[in-house]
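Every read-out reported here was derived from the displayed coordinates using simple, explicitly stated rules and does not represent laboratory data. All of these numbers come straight from a predicted model, not from anything done at the bench. Ideal geometry is used to build each Cβ from the backbone, glycine not excepted, and the neighbour counts take in all protein chains shown.
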Amino acid sequence: MNKLPVFVCLFASIVILLIANLLIGTVGIPVEDVCRILLGDDSNEIWTNIIFSSRLPSALTAIVAGAGLAVSGLQMQTVFRNPLAGPSVLGISNGSALGVALVVLLSGRIGGVALSRLGYLGEAAMSVAAIAGALAVLMLILWVSHKVRGSVTLLIIGVMIGYLANAIIGVLKFLSPEEDVKAFVVWGLGSFSRVSGDEMMLFVLLMCLLLPLTSLLVKPMNLLLLGDRDAANLGLNIRRARMLVIISSGVLVAIVTAYCGPIMFLGLAVPHLARAFFRTSDHRTLLPATALCGSSLALLCNLIARMPGFEGALPVNSVTALVGAPVIAMVLFSRRKSEML
């Protein structure tokens with residue numbers, strides 16, 4: 001199969017959806033005016049502010065966040081050889097949520113004023129707390145991985161850690177004022193529009209540094225598909241390879257969750273979409289394909305969330321499920337049909 005045309009189509013879809021994200025919204029901006037604004041013409045101050053303060057940052061955030069979550073999901077599915085594994089399978093997203101819950105829900109009771117109400121300071125505190133919570137769970141998972149044998153046991157422990165984090169969050173919600181609970185719930189809905197300015201540039205830079213590094217794990221991931229015994233016979237250190245892939249996946253999830261909130265479904269669904277497009281399990285092809293599919297689908301979801309007719313923007317998690325679930329269902333049904341022929 002010639003894969004180049006498919007890659008070209010994926011690149012083209014990202015470019016088209018990026019342009020659509022700049023053009024379409026509650027305020028329609030003509031193509032020629034968008035081009036002039038991007039080239040430095042700021043004669044229309046309102047449109048310039050809409051492009052550079054809202055639409056362009058959210059589109060760039062969607063591109064790198066979608067790629068990061070998709071690659072993370074692919075890594076988890078490879079490590080556990082489980083098609084239902086995703087970025088949140090080890091409780092790392094729940095760890096981020098717990099960190100934010102401690103900032104949003106607990107700080108108000110302890111200090112009298114919730115950090116989430118302190119503007120930029122509160123946003124920075126939430127981001128730091130999300131990363132700290134995710135990395136804490138990741139370190140716990142890595143410690144457990146040295147104590148247990150087998151991916152299934154590690155998977156079950158990760159799920160239990162997620163349930164424990166959710167239980168603590170539930171207690172904090174029950175003890176917190178309604179306003180703080182609402183702030184936490186809004187964060188939990190996920191958004192590509194939360195990041196802007198220097199914060200957006202830092203996020204994009206971090207993801208652009210981390211995503212290429214995942215290509216260093218292509219060979220170990222291909223060997224892990226063979227099973228532990230065959231991979232070990234070929235010279236792979238199973239425990240070390242599994243640990244590196246989990247670290248890579250966990251760091252990607254931690255950073256995306258810190259900046260965008262917990263974005264569901266993309267990490268689970270996009271790897272299946274990439275496999276259906278390219279009909280291969282070779283990660284040399286599958287890794288970049290998954291990243292591109294993730295960026296494209298995230299841009300589509302971001303566009304739908306900001307379509308004219310909606311006040312503000314819809315929660316991204318609602319859109320990712322509404323858009324992605326039918327697509328993946330069609331992919332799986334078509335694959336099943338081709339296997340029966």
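Values for this structure:
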quantity	calculated
Distance between modelled label sites at VAL218 and LEU23, nm, 7 Å Cα→Cβ extension	3.4
Positive-end residue, the stretch 4-340 charge dipole about Cα centroid, Cβ charges, pick of LEU60, MET330, LEU18	MET330
Structure-based [θ]222 nm, the chain - -39500 (n - 2.57) summed over DSSP H runs of at least 4, per residue, nearest 500	-24000 deg cm²/dmol
Distance in nm between pseudo-label sites at ASN166 and LEU189 (7 Å out along the Cβ direction from Cα)	2.1
Vicinal HN-Hα couplings computed from phi for the stretch 257-267 (Karplus, 6.51 cos²θ - 1.76 cosθ + 1.60; Hz; Gly/Pro x)	5, 4, 8, 10, x, x, 9, 8, 6, 4, x
Using θ = phi - 60° and Karplus 6.51 cos²θ - 1.76 cosθ + 1.60, couplings along the stretch 45-51 (whole Hz; Gly, Pro as x)	5, 5, 5, 4, 5, 4, 5
Whichever aspartates and glutamates have a C-alpha closer than 13 Å to that of LYS3, once near sequence neighbours (fewer than 8 apart) are set aside	ASP282
TRP143 versus ALA325: modelled label distance in nm, points set 7 Å from Cα along the beta carbon direction	3.8
Low-density loop positions, chymotrypsin sites (Phe, Trp or Tyr not before Pro), the stretch 5-110 - DSSP coil, at most 10 other Cβ in 10 Å	none
Charge-dipole axis of the stretch 4-340 as Lys and Arg at +1 and Asp and Glu at -1 on Cβ define it, positive-most pick from HIS272, LEU209, LEU155	LEU155
Relative exposure of ARG306, ARG81, judged by other C-beta atoms within 10 Å (fewest first)	ARG81, ARG306
